[in-house]
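These notes are about the structure you will find just below.
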Amino acid sequence: MISTQVSLFEVLTEVDSDILTELTPAFAQAWLESSQWALDVETYGLKDQDDALNPFKGELRLVQVCLENGLIGVFDIMGMAPGFLKLLKYKMEDNSVVVIHNAVFELLWLGHKYSIVAKNVWDTMIASQILYAGIEPYRHNLKAVALRELGLELNKNEQLSDFGALTLSNSQLNYAANDVRHLLPIATELHSKLIKHGLSDTLEIEMAALLPYADMGLKGFPVDVNRLNDVLAEYTAALDKISNPVKATLGVDSLSNSNELKTALSIYLKADITSTNKTDLSQYTSDPLITELLDSRSLENYVGYLERSRDSVIDGCVRGNFRQCAPKGLGRATSGSDSESTLKKQKGVPGVNLHNPPNPSKGSPTIKALGLTPVRSIFRPPSGQSLLIFDFSAAHARVAAQVTGDKTFIDSYVNNVDCHAIVAAKLSRLVGKDWTRSDISKIRKQKDDDGALATRLRNISKNIFYGWLNGAGKFKTMQTIHAGKLPQATQDDAGEILDLLGDTFTGIKGFHDQTKREIKITKPMPGTSLEYATIRAISGRRVYAPKYAGKGFNDRGGCNPNEAYIANWMMVESDAKKRAMGLIWKKSLQKPEWGMRLCNECHDEIDVLCSTEFQAECAEFCWKAMNGSLAYWVTDLPAYEDEYKLEDCLAESWASK
């Protein structure tokens, strides 16, 4: 009965009149002459439906093209002559602008299947993410963007249909055409709004970074598979050594079975254990078994990461599954999640989190004592290639100095003045000393107990300063002092230190006050229940900050000023890194003999592969691109600390830096 209805529907459905399914000479000529056009693709899985999202396992079926004059071509790759692919490759690599939604997807497929390298892409998803950055209720899939920008409700009924069928239905062809049909009008609408809102610089940075993100997704970060297997065996043995006695004592087969573990712990601890997460179990860590249990959990995560890395290797590399614009809207990207629930739902190209790989050197004392090989050591360049690592020097601090215009803070960089000695001198009174700022600077050079104390006070002061810079109050500052092993400090002591910082760093204090005033100015956003304030960085990037009822500024409701301060530095750091990525990508096209490509980015770092023969040229260019990009906005103080040295960039493995 159902099949009859479907067949009848197909009989009654015709291909829309403006759709071509054959590449005619007229369409080819118009396409050749187009300075702007839109692209979409449809794919399918050979064995599993999810493989339709994975270019390494699935197949590409349709390529849809929409020209400026409104002509639409829906071309079936299975029946297309080789001339079509030549024309597609030519147009992707010429100077015309190709408009795509979520372009990384199309670029991965075309890059892997046909070695097509795009030159000039305009992504409507990224444009939407820039324009509405920070408004988390807003979605940026094509259906949501078309509704928001054009008031159009796209029909997605055929989205999950079988595009691997021998003969595609007219309904499928119409669906395929409908998405690409609206991309150019959407791009026009978004571009107009981005210019109106002063976001053209951010748009340029993101579109330039798009191509290297796609290339990293295509080619990945090289892994030494033999070393990976050795490290995995080492971590598995360490896990067994710690977890087996725990399992034997509790009488369980696995520490991953939450229900079984809760029952066993309730019996062992003689308490009602309703949760086995780290926070809830931390109250029982006086019992060595609980400490060993938590250590086992950490090691399970490490082993899981290594297993996922092993299972994700394609052509000797692991992919990071980057999301170029994270939901927070601060310009940072995200990499593949290590959350088990997320991994179970994850589709497409397999990958791992290349932003935050596990680091046993930051684990518990027991895990540190194991002396495990760093996880990052599995990432190594293949023979004939070099790995270059670049990062900023105290980017947040330098950006903050530039943004606030604080003369004392800037002077610490320009004239190498130790601004943290001011608070260290104040702290010295808590330990029975009455040192001055100059005393701290002199005494900390001594190789005796006073020298060690002055160094510790100065380190505490540095932590206090950066906490205050990001909005820490009296209680948090007191906690910072206590963490530095000065438990006698009170909130009153912390308050005096914060007053001292405000009197010393008047530019920062003024910036704090101004920001608090600015984020009180909020406006409602359509489709949300919240009002939003606007935060704009010196790089031009903008983010909307939500106003929460009963939370935030002074607990009276409003935007969080601490998040507003941090957003200012983070957006500039993100823009500087992405600007550098765009420059490196452009240079790689100009100098193909260098064999240079980006293989990873994380936080304030970028990682580059190149031919060993040209490692010196690549390293110098990338160093200048990285630090020069930060210096583009940080102009009142040095944007970096050390001058370029090749040996500072070269790395035997990712763990070398």
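A few notes on this one:
This table checks each residue for (1) touching an Asp or Glu at 6+ places or on another chain (Cβ under 6 Å); (2) open to solvent by 20 Å² or more (accessible area, probe 1.4 Å).
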{"site": "154", "(1), (2)": "no, no"}
{"site": "167", "(1), (2)": "no, yes"}
{"site": "172", "(1), (2)": "yes, no"}
{"site": "180", "(1), (2)": "yes, no"}
{"site": "183", "(1), (2)": "no, no"}
{"site": "196", "(1), (2)": "no, yes"}
{"site": "201", "(1), (2)": "no, yes"}
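- The range 347-377: number of residues that are assigned to a strand (DSSP E or B) and open to solvent by 20 Å² or more (accessible area, probe 1.4 Å): 0
- Residues that are within 18 Å of residue 20 (Cα to Cα) and aliphatic (A, V, I, L, M) within the range 75-100 comprise 77, 78, 80, 81, 85, 87, 88, listed in sequence order.
- Pairs, first aromatic (Phe, Trp, Tyr) in the range 464-478, second open to solvent by less than 60 Å² (accessible area, probe 1.4 Å) and in a helix (DSSP H, G or I), C-beta under 7 Å, six or more apart: 465/423; 465/501; 468/477; 468/498; 468/501
- Entirely in the range 166-238, the helices (runs of 4 or more DSSP H) that have 3 or more residues that are modelled with pLDDT of 95 or more: 183-196, 200-219
For (1) in contact with a helix residue (DSSP H, G or I) (Cβ under 9 Å, 6 or more places away or on another chain); (2) part of a strand (DSSP E or B); (3) of a type in the set (Val, Ile, Thr); (4) modelled with pLDDT under 95, each residue gets a yes or a no:
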residue	(1), (2), (3), (4)
3	no, no, no, yes
7	no, no, no, yes
15	yes, no, yes, yes
23	yes, no, no, yes
32	yes, no, no, no
39	yes, yes, no, no
47	no, no, no, yes
88	yes, no, no, no
98	yes, yes, yes, no
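Residue by residue, here is whether (1) assigned to a helix (DSSP H, G or I); (2) within 30 Å of residue 607 (Cβ to Cβ); (3) of a type in the set (Val, Ile, Thr); (4) open to solvent by less than 20 Å² (accessible area, probe 1.4 Å) holds:
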| residue | (1), (2), (3), (4) |
| --- | --- |
| 253 | no, no, no, no |
| 265 | yes, no, no, yes |
| 279 | yes, no, yes, no |
| 283 | yes, no, no, no |
| 290 | yes, no, yes, yes |
| 297 | yes, yes, no, no |
| 309 | yes, yes, no, yes |
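Residues checked against (1) charged (D, E, K, R); (2) closer than 30 Å to residue 631 by Cα:
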residue	(1), (2)
465	no, yes
474	yes, no
488	no, no
503	yes, yes
521	no, no
527	no, no
541	yes, yes
546	no, no
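- Hits in the range 378-411 - residues which are within 31 Å of the chain's Cα centre (by Cα), of a type in the set (S, T, N, Q) and surrounded by fewer than 17 Cβ atoms within 10 Å (Cβ to Cβ): 383, 393
- Tally of residues being exposed (fewer than 15 other Cβ atoms within 10 Å of the Cβ) and without any contact (Cβ under 8 Å) to a residue 40 or more places away in the chain across the range 24-62: 7
- Unmet criterion (only one of (1) open to solvent by 70 Å² or more (accessible area, probe 1.4 Å); (2) under 12 Å from residue 430 (Cβ atoms); (3) at pLDDT 95 or above) for residue 475: (2)
- Residues in the range 111-136 that are farther than 15 Å from residue 206 by Cβ and open to solvent by 30 Å² or more (accessible area, probe 1.4 Å) were compared, and the one that is modelled with the lowest pLDDT is 136.
- Every condition in (1) within 20 Å of residue 182 (Cα to Cα); (2) in contact with a strand residue (DSSP E or B) (Cβ under 8 Å, 6 or more places away or on another chain); (3) of a type outside the set (Lys, Arg) is met by residue 69 except one, and the failing one is (2).
- Some residue of the range 145-153 being assigned to a helix (DSSP H, G or I), out of contact with any Lys or Arg (no Cβ under 8 Å at 6 or more places or on another chain), over 30 Å from residue 531 (Cβ atoms) and in contact (Cβ under 8 Å) with a residue 12 or more places away in the chain: no
- When the test is whether a residue is closer than 26 Å to residue 569 by Cβ and either among the β-branched types (Val, Ile, Thr) or surrounded by 18 or more Cβ atoms within 10 Å (Cβ to Cβ) (or both), residue 443 does not pass it.
- Exclusive hit being farther than 30 Å from residue 373 by Cα and exposed (fewer than 15 other Cβ atoms within 10 Å of the Cβ), set 613, 643: 643
- Qualifying residue in the range 581-602 (condition: of a type in the set (Gly, Ala, Ser) and open to solvent by 40 Å² or more (accessible area, probe 1.4 Å)): no
- Filter result (assigned to a helix (DSSP H, G or I) and open to solvent by less than 30 Å² (accessible area, probe 1.4 Å)) within the range 478-503: 478, 481, 494, 495, 497, 498, 501, 502
- The listed residue being open to solvent by less than 10 Å² (accessible area, probe 1.4 Å) and out of contact with any Ser or Thr (no Cβ under 7 Å at 6 or more places or on another chain), out of 79, 73: 73
- Yes/no for residue 532 being touching a residue at least 40 places away in the same chain (Cβ under 8 Å), surrounded by fewer than 22 Cβ atoms within 10 Å (Cβ to Cβ) and either assigned to a strand (DSSP E or B) or not β-branched (Val, Ile, Thr) (or both): yes
Yes or no, residue by residue, for (1) out of contact with any Lys or Arg (no Cβ under 9 Å at 6 or more places or on another chain); (2) closer than 27 Å to residue 567 by Cα; (3) part of a loop (DSSP other than H, G, I, E, B):
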| residue | (1), (2), (3) |
| --- | --- |
| 400 | yes, yes, no |
| 416 | yes, yes, yes |
| 424 | no, no, no |
| 428 | yes, no, no |
| 433 | yes, no, yes |
| 439 | no, no, no |
| 447 | yes, no, yes |
| 456 | no, no, no |
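The values are calculated or read from the model by the stated rules, or taken from the named source; none is laboratory data. Quick caveat: nothing in here was measured; it's all calculated off a predicted structure. Here Cβ is always computed from backbone atoms with ideal geometry, including for glycine, and neighbour counts include all displayed protein chains. Quick note on the areas: whole protein, heavy atoms, side chains included, nothing else; ligands and nucleic acids left out. Shrake-Rupley method; radii C 1.70, N 1.55, O 1.52, S 1.80 Å.
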